[in-house]
Amino acid sequence: MKTNNRLLKVSEYHFKTINDIKNKLKAKNIKITDLSIGDPDLSVDKSIIDELVYSLNYSDFNKYPPYDGIKELKLKIIEYYRQIYFVNLELDEVIILIGSKEGISNLIPAVCDIGDYIIIPNPRYPVYEMCANLWGNNPYKINLREKDDYLLNLKDIPNEIAKKSKLMIINYPNNPTGAVANSQYYKELIKYCNKKEIILCNDGAYNEIIKENKNPISILQYDNEKTSVEFGSFSKTYNMTGFRIGYAVGNKKVLNSLLKIKSNIDSGQFKPIQCAAIKALELNRKYVNNIRKVYNQRRKAVEKILSDKKINFYKTNGTFYIWCKVPENYTTDEFCEELLYNYGIIVTPGYAFGKLDNNYFRISLTVDEKTICESLNKLKVYN
Ligand SMILES: Cc1ncc(COP(=O)(O)O)c(C=O)c1O
């Protein structure tokens, strides 16, 4: 059978493989603590669920929604950006997505011709590389280093690659390292991308998952000319990974191209989910701060155990991940298998986020503190 050759460059989504392993172990009645995928365990606020159910009464609930999203939700996102980031957006500077994963994939053909280069970080959320390959583009990976606080170093981009690139995807707060960006860094990136005529895209899925009582930042705060775009997601902040919804904001022209792709590929998110997202944005800011509190408490508890077990990790307050070094004398696979088969713990091997110089693994803090601590406390001390 003749199939798409580009698929040869695309591997099965890592978390599907992990799910298969998990199901096999569960079938054998082995107790598993899954610290791999970033799928929040916290409950969905009642007002969100109530609205989801209530909107089934709307006469048009089952109809095709507008391709760019319902106006009421777009207005809420505009209000959110104004109140939280002091950024003014117009209606055509917002598009509602089925999730940021979908939007990121569709952004690629919206910006790039087949064969163009896309600058992406390494390690990274796997979708950037896979979708670049799927759409016939060349992902160019820039290594993130701990000594740079995992901020993509612009000096690492060869000039000839910048010339061939139309898109740069960054992601702060960062999955998998947890690194957070700052205003100075965003300004530098924007200046660089404007000079090189590269569309800059920040995947801001974790914008709100930061230290308690801190103000989140958006790349658009530092982009007066709005040349960049930012993706947002309801998955991580509002625990809505299953009834999915996200958005893209920023440069009108880019969003208009994205809409061209989207309207030919999908027909918008189910209206009741869009209505539920409105309720999410109407939640008091105490809700968001409480989510941060929970993850930061888990982070502190896990960091203490990791230190006791002599496992090195990157100290940060961004996202709900901890980026850890595999102990010496282990390969990543040996260590992850030891965690799985000796202790019933699943983590994500660092290579799921790209080919790396060192051995890493990622812990997701999306399991309750007691369970995470009980399982990690059983580990031996790795000298
Ligand atoms: C960096 C990053 N971006 C996007 C997503 C996907 O978000 P959504 O559920 O909105 O598609 C994830 C999910 O893990 C992520 O880690």
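The values are calculated or read from the model by the stated rules, or taken from the named source; none is laboratory data. Just so it is clear, the structure is predicted and the values come from calculations on it, not from any experiment. In this analysis, Cβ positions are derived from the backbone assuming ideal geometry, glycine residues included, and neighbour counts consider all displayed protein chains. We work out accessible area using only protein heavy atoms, side chains counted, and drop any ligands, DNA or RNA first. Shrake-Rupley method; radii C 1.70, N 1.55, O 1.52, S 1.80 Å.
Cβ separations smaller than 8 Å between residues 6+ apart or across chains give the following pairs from region 43-61 residues that are within 13 Å of residue 278 (Cα to Cα) and of a type in the set (Asp, Glu) to residues that are open to solvent by less than 60 Å² (accessible area, probe 1.4 Å) and assigned to a helix (DSSP H, G or I): 45/238; 45/280; 45/287; 51/272; 51/275; 51/276; 51/278. Taken as a whole, region 247-257 holds at least one residue that is buried (at least 21 other Cβ atoms within 10 Å of the Cβ), part of a helix (DSSP H, G or I) and in contact (Cβ under 8 Å) with a residue 24 or more places away in the chain.
Using the structure shown, decide if residue 42 is touching a helix residue (DSSP H, G or I) at 6+ places or on another chain (Cβ under 7 Å), at pLDDT 95 or above and within 16 Å of the ligand (Cβ to nearest atom). Break it down stepwise before answering.
Details: touching a helix residue (DSSP H, G or I) at 6+ places or on another chain (Cβ under 7 Å): yes; at pLDDT 95 or above: yes; within 16 Å of the ligand (Cβ to nearest atom): yes.
Yes: the conditions hold for residue 42.
Test residue 178 against the criterion of being on the phi > 0 side of the Ramachandran plot, in contact (Cβ under 8 Å) with a residue 60 or more places away in the chain and within 16 Å of the ligand (Cβ to nearest atom), and give yes or no. In short, yes.
The residues in region 88-102 that are open to solvent by 10 Å² or more (accessible area, probe 1.4 Å), more than 8 Å from the ligand (Cβ to nearest atom) and either in contact with a Pro (Cβ under 6 Å, 6 or more places away or on another chain) or not charged (D, E, K, R) (or both) can be counted, and the count is 3. If I filter region 282-295 for residues that are within 20 Å of residue 380 (Cα to Cα) and not in a loop (DSSP other than H, G, I, E, B), do I get at least one hit? No, the conditions are met nowhere in region 282-295.
For residue 263, the criteria (1) assigned by TED's automatic domain parsing to the domain that holds residue 173; (2) within 21 Å of the chain's Cα centre (by Cα); (3) among the hydroxyl-bearing types (Ser, Thr, Tyr) hold in every case but one, which is (2).
Could you check how many residues of region 62-87 are open to solvent by 80 Å² or more (accessible area, probe 1.4 Å) and part of a loop (DSSP other than H, G, I, E, B)?
The first filter runs over region 62-87 and keeps only residues open to solvent by 80 Å² or more (accessible area, probe 1.4 Å), leaving 62-64, 67, 71-72, 75, 82-83, 86.
Checking which are part of a loop (DSSP other than H, G, I, E, B) leaves us with 62-64, 67, 86.
Going through region 62-87 one residue at a time, the tally reaches 5.
For residue 207, the conditions (1) crowded, with 23+ Cβ neighbours inside 10 Å; (2) within 16 Å of the ligand (Cβ to nearest atom); (3) in contact (Cβ under 8 Å) with a residue 60 or more places away in the chain all hold with the exception of (3).
Residues are listed down the side, and each one gets a yes or a no for (1) open to solvent by 70 Å² or more (accessible area, probe 1.4 Å); (2) within 16 Å of the ligand (Cβ to nearest atom); (3) of a type in the set (Phe, Trp, Tyr):
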| residue | (1), (2), (3) |
| --- | --- |
| 16 | yes, yes, no |
| 21 | no, no, no |
| 27 | yes, no, no |
| 31 | yes, no, no |
| 36 | no, yes, no |
| 51 | no, no, no |
| 56 | yes, no, no |
| 60 | no, no, no |
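Of 270, 243, which residue is surrounded by 17 or more Cβ atoms within 10 Å (Cβ to Cβ) and within 17 Å of the chain's Cα centre (by Cα)? Walk me through how you get there before you give the answer.
Working: 270 fails: within 17 Å of the chain's Cα centre (by Cα).
None of the others qualify; the one that does is 243.
Please verify whether region 139-156 includes one or more residues that are closer than 20 Å to residue 221 by Cα and either under 21 Å from the mean Cα position of the chain (by Cα) or open to solvent by less than 20 Å² (accessible area, probe 1.4 Å) (or both). Yes, there is a match, as at least one residue in region 139-156 is closer than 20 Å to residue 221 by Cα and either under 21 Å from the mean Cα position of the chain (by Cα) or open to solvent by less than 20 Å² (accessible area, probe 1.4 Å) (or both).
If the condition is being more than 16 Å from the ligand (Cβ to nearest atom) and at positive phi, then region 216-249 contributes only 226.
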